[in-house]
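Taking it in order: structure first as structure tokens, then the write-up.
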Amino acid sequence: MTSLPTARNAALLASTALAGLTSMAVVAAPTSAAVPAAVVHTQRDTVADVWLQGETPDLWSEHGARRNVDLTASRVRHAPRMITTTGWFTDLVRTEDRTSTVFWILTSAGRTYRVQHTAGPSRRSGQVFFKQYVDGRLHGRSCPGLTNQVSYADDLMRVVIPRPCLGRPAWVRFHGVAVAFDEESGARYSDAMMDSGPDNQLYSPRIVRDDPPRG
């Protein structure tokens, strides 16, 4: 899987994002007729659009740029066996921040899952919390084969989810957010995927898995 340019080239990403949030669907060519393609949805994110939480959870103020939370892009890749979530940052570094990417995934079966990937002082390599939203509540789910990656060199956090954990959906949609919690000051920062505000509830277009040819 190719990576987006690292956020150390944030000036280029910013110039792209200033025109507004742009989405693109990319169909990767299969390596052979027997291997189905993956469908990818990549969403650029405006930089320097971080928000600071106030005294209550629904009170936010514009903060601007900040490392460990300022997204440059988010992506969900729907491959034949895996679904991969990735968030890219302007600068992902080892500080006292506890940084999380949260992807909400809606499947073709009408199921909703929450994939939270958290990295910080106590776990630099990251930890994943995989849950399903049922009857208004989140329930933890096991997911054999689930893996994660944190790359401080490439400024990204990534989770690979086997499709059976999501019920082998025909398509998925996503929205999400990056959050950084400063363990020294207690401050909490947020940057929504696909939106310049602190939160976004609007899902992406459908990200469809191509089926292998028959016959």
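Summary of computed values
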{"read-out": "Single residue of the stretch 193-207 satisfying the filter (open to solvent by less than 60 Å² (accessible area, probe 1.4 Å) and in contact with a His (Cβ under 8 Å, 6 or more places away or on another chain)) that is modelled with the lowest pLDDT", "value": "N200"}
{"read-out": "So V47, is it under 16 Å from V177 (Cα atoms) and without any contact (Cβ under 8 Å) to a residue 60 or more places away in the chain", "value": "yes"}
{"read-out": "Selected residue (criterion: most open to solvent (accessible area, probe 1.4 Å)) from residues of the stretch 135-160 that are in a strand (DSSP E or B) and more than 22 Å from T72 (Cβ to Cβ)", "value": "R137"}
{"read-out": "Residue within the stretch 163-186 that is over 12 Å from T85 (Cα atoms), touching a helix residue (DSSP H, G or I) at 6+ places or on another chain (Cβ under 6 Å) and open to solvent by less than 40 Å² (accessible area, probe 1.4 Å) present", "value": "no"}
{"read-out": "Pairs with Cβ under 7 Å, 6+ apart, first in the stretch 169-198 and over 14 Å from T118 (Cβ atoms) and in a loop (DSSP other than H, G, I, E, B), second of a type in the set (S, T, N, Q) and open to solvent by 30 Å² or more (accessible area, probe 1.4 Å)", "value": "P169/S108; A170/S108; S196/T46"}
{"read-out": "Residue ID - nearest to the chain's Cα centre (by Cα), chosen from residues in the stretch 105-159 that are among the charged types (D, E, K, R) and within 22 Å of T95 (Cβ to Cβ)", "value": "R158"}
{"read-out": "Those residues of the stretch 121-155 which are in contact with a Lys or Arg (Cβ under 8 Å, 6 or more places away or on another chain) and either charged (D, E, K, R) or at positive phi (or both), in sequence order", "value": "R124, K131, R141, D155"}
{"read-out": "Within the stretch 49-66, tally of residues that are assigned to a loop (DSSP other than H, G, I, E, B) and within 19 Å of F89 (Cβ to Cβ)", "value": "3"}
{"read-out": "Residue tally, condition out of contact with any strand residue (DSSP E or B) (no Cβ under 7 Å at 6 or more places or on another chain) and more than 26 Å from L202 (Cα to Cα), over the stretch 125-143", "value": "1"}
{"read-out": "Residue among T72, T46, T22, T16 that alone is at pLDDT below 95, hydroxyl-bearing (S, T, Y) and within 22 Å of V93 (Cα to Cα)", "value": "T46"}
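Here's the yes/no breakdown for (1) of a type outside the set (A, V, I, L, M, F, W, C); (2) under 23 Å from D45 (Cα atoms); (3) out of contact with any His (no Cβ under 8 Å at 6 or more places or on another chain); (4) in contact (Cβ under 8 Å) with a residue 40 or more places away in the chain:
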{"position": "P80", "(1), (2), (3), (4)": "yes, no, yes, yes"}
{"position": "D91", "(1), (2), (3), (4)": "yes, yes, yes, yes"}
{"position": "H117", "(1), (2), (3), (4)": "yes, yes, yes, yes"}
{"position": "S125", "(1), (2), (3), (4)": "yes, no, yes, no"}
{"position": "D135", "(1), (2), (3), (4)": "yes, no, yes, no"}
{"position": "P144", "(1), (2), (3), (4)": "yes, no, yes, no"}
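Rundown of residues vs (1) under 24 Å from A65 (Cβ atoms); (2) outside any loop (DSSP other than H, G, I, E, B); (3) open to solvent by 60 Å² or more (accessible area, probe 1.4 Å), yes/no style:
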residue	(1), (2), (3)
T86	yes, yes, no
V93	yes, no, no
S100	yes, yes, no
F103	yes, yes, no
A109	no, no, yes
Q127	no, yes, yes
Y133	no, yes, yes
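The values are calculated or read from the model by the stated rules, or taken from the named source; none is laboratory data. Since we're looking at a predicted model, the values are computed, not measured. Cβ sites come from the backbone with ideal geometry, for glycine too, and all protein chains shown count toward neighbours. With ligands, DNA and RNA removed, areas are computed over all heavy atoms of the protein, side chains included. Shrake-Rupley method; radii C 1.70, N 1.55, O 1.52, S 1.80 Å.
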